Amino acid sequence: MPASSTLLRMEVNELFLRDFRNYREQTVSFDSRCNVIFGENAQGKTNLLEAVVYLSCGKSPRARREQELIRFEADRASLRGTVFSRDRTFRMEASLYRGRRRKLTVNGVAAKSAAALNQVYQTVFFCPDDLYLIREGAAARRRFLDTALCQLRPRYALALAEYRRAYEQKTRILRDWEKYPDLLSALPEFNEQMVRCGAAVIQYRARYAVRLAEYAAANHAECSGGRERLEISYQTVSAVEEPMGDAGKIAEQLRAHMSAHGEAERASRLCLSGPHKDDLLVRINGQDARLYSSQGQTRTAALSMKLAERELLKNGSGEYPVLLLDDVLSELDPRRQEFVLNRIAGGQVFITCCEDDRLPKLLGGKVFHVKQGGVA
Ligand code: ATP
Ligand code: MG
């Protein structure tokens, strides 16, 4: 794939929604550069961004269950997007039902998995909740790594999915083995699957984390006027000596670690060994950001990481992913706002803000006014 070309574009040109969240029926044509979505609270701004993200990956950045996306009074929701990417136009479609499996299609052809949507276009979504990226436990940072890597490397998505299936089977065995001791005979098979896929997962994550650290540090330094130094390092199973090294060697070390913890796993009835416990250690000026960073530092670090994700996705596909900033600009001081506005040029951007904001004027681009599930 081309590493850099100024001709490539990735953008959502048109979106049609029926019975999605608080939208009954709505068609919107977007600008290929900047789309400012403003309106009062609880009108449907975030819902609109959520639809753009959903069509890119089959996942909502905030809903726990798909059902939440279907309008309260309706039985099904439809989303359709016309997307320009890789020099072509794609029609993306998702139909969600109550009590039935969803349907995803690309150009009228059923998508085997959500990964097929991802190959058409990618998104980076940033909202105030992403401060948890710094403040919360390891799961939030693993999710951040996985979301980017699944978009960037289809093989990673496959390895991770296989790892998770084996992990779930093993978890079930560990939970029930005392009642059904025969289950233990299947354990070696799942252990081996976790070792094999886990080695691939670690290698991809470690390599990605190095580049992420580099880009995020540059963003953070610029955003803080050179006053702060952001460091990100990847933490995985302690037995793995070189996470970026040979996959065979990583697998060997994972296997040894797992077998050393076999007894403890059966006793605790939990999977104790493997990259499902990985984390990213984030430090600002040498201190653990999770424990010591201020609100502003946290926000800057989270933003720097998200913008780094965008750069890395662009390096992978040659096209900037669609960037969606939900309610973030108004929370930044003017200097940081300026930094973000300078940084987001180059790809398609969606920005939401509240009615009384000065941002619509500042940003330019196409302005949409959202009111009670309608866009004008
Ligand atoms: P804010 O500025 O407060 O972030 P917003 O414009 O981003 O507001 P949204 O999060 O888009 O608001 O939500 C708009 C409305 O959609 C909310 O009032 C919410 O209750 C409603 N809503 C959410 N899910 C559904 C659903 N499944 N059916 C109908 N309405 C829904
Ligand atoms: Mg919102």
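Checked against the criterion of being under 10 Å from Val195 (Cα atoms), in contact (Cβ under 8 Å) with a residue 24 or more places away in the chain and not in a helix (DSSP H, G or I), segment 254-277 contains one or more residues that satisfy it. Selection of segment 144-180 for residues being among the charged types (D, E, K, R), part of a helix (DSSP H, G or I) and within 17 Å of Ala200 (Cα to Cα) yields Asp146, Arg155, Glu162, Arg164, Arg165. Being free of Cβ contacts under 8 Å to residues at least 40 places away in the same chain, of a type in the set (Ser, Thr, Tyr) and within 13 Å of ligand 1 (Cβ to nearest atom) narrows it down to one residue among Ser60, Ser29; which is it? Checking each option against the conditions leaves just Ser60.
Inside segment 21-59, can you point out the residues that are part of a loop (DSSP other than H, G, I, E, B) and within 13 Å of ligand 2 (Cβ to nearest atom)? Before you say what the answer is, go through the steps one by one.
Of the residues in segment 21-59, the ones part of a loop (DSSP other than H, G, I, E, B) are 21-22, 30-33, 40-44, 58-59.
Answer for segment 21-59, where residues must be part of a loop (DSSP other than H, G, I, E, B) and within 13 Å of ligand 2 (Cβ to nearest atom): Arg21, Asn22, Glu40, Asn41, Ala42, Gln43, Gly44.
Against the numbered list (1) polar (S, T, N, Q); (2) more than 30 Å from Asp182 (Cα to Cα); (3) touching a helix residue (DSSP H, G or I) at 6+ places or on another chain (Cβ under 6 Å); (4) buried (at least 21 other Cβ atoms within 10 Å of the Cβ), Ser293 comes up short only at (3). Consider segment 340-354. How many of its residues are of a type in the set (S, T, N, Q), more than 12 Å from ligand 2 (Cβ to nearest atom) and either open to solvent by less than 50 Å² (accessible area, probe 1.4 Å) or in contact with a helix residue (DSSP H, G or I) (Cβ under 7 Å, 6 or more places away or on another chain) (or both)? Count: 1.
Per the listing Ser268, Ser294, the residue uniquely over 30 Å from Leu174 (Cα atoms) and of a type in the set (Ser, Thr, Tyr) is Ser294. Among the residues making up segment 102-124, those that are at pLDDT below 95 and open to solvent by 30 Å² or more (accessible area, probe 1.4 Å) are Lys112, Ser113, Ala115, Ala116, Gln119.
Could you tell me whether any residue of segment 122-129 is closer than 30 Å to Tyr234 by Cβ, touching a helix residue (DSSP H, G or I) at 6+ places or on another chain (Cβ under 8 Å), aromatic (Phe, Trp, Tyr) and away from ligand 1 (no atom under 16 Å from the Cβ)?
Looking only at segment 122-129, we keep the residues that are closer than 30 Å to Tyr234 by Cβ, and these are 122-129.
Narrowing further to those that are touching a helix residue (DSSP H, G or I) at 6+ places or on another chain (Cβ under 8 Å): 122-128.
Checking which are aromatic (Phe, Trp, Tyr) leaves us with 125-126.
Filter once more, so that each one left must be away from ligand 1 (no atom under 16 Å from the Cβ): none.
Among the residues of segment 122-129, not one is closer than 30 Å to Tyr234 by Cβ, touching a helix residue (DSSP H, G or I) at 6+ places or on another chain (Cβ under 8 Å), aromatic (Phe, Trp, Tyr) and away from ligand 1 (no atom under 16 Å from the Cβ), which makes the answer no.
With respect to the conditions (1) within 16 Å of ligand 1 (Cβ to nearest atom); (2) touching a Cys at 6+ places or on another chain (Cβ under 7 Å), Val370 falls short on a single one, namely (2). Considering segment 38-60 alone, what residues qualify as being modelled with pLDDT of 95 or more and in contact with a Lys or Arg (Cβ under 6 Å, 6 or more places away or on another chain)? Within segment 38-60, Gln43, Asn47 meet the criteria.
Put simply, of Ile202, Ile232 the only residue that is assigned to a strand (DSSP E or B) and either under 20 Å from the mean Cα position of the chain (by Cα) or at pLDDT below 95 (or both) is Ile232.
Taking the criterion of being within 16 Å of ligand 2 (Cβ to nearest atom), among the charged types (D, E, K, R) and farther than 23 Å from Ser330 by Cα, the only residue of segment 60-87 that qualifies is Glu68.
The residues on offer are Ala157, Ala199, Ala166, Ala138, and the sole one that is touching a Cys at 6+ places or on another chain (Cβ under 9 Å), more than 30 Å from Met10 (Cβ to Cβ) and surrounded by 14 or more Cβ atoms within 10 Å (Cβ to Cβ) is Ala166. Scanning segment 47-101 for residues that are surrounded by 15 or more Cβ atoms within 10 Å (Cβ to Cβ) and of a type in the set (Val, Ile, Thr) yields Val52, Val53, Ile70, Thr82, Val83.
The values are calculated or read from the model by the stated rules, or taken from the named source; none is laboratory data. A quick note: this is a predicted structure, and the numbers were derived from the prediction, not measured. Note that each Cβ is placed from the backbone with ideal geometry, even for glycine, and that neighbours are counted across all protein chains shown. Remember, those area values only see protein heavy atoms, side chains included, never the ligands or the DNA or RNA. Shrake-Rupley method; radii C 1.70, N 1.55, O 1.52, S 1.80 Å.
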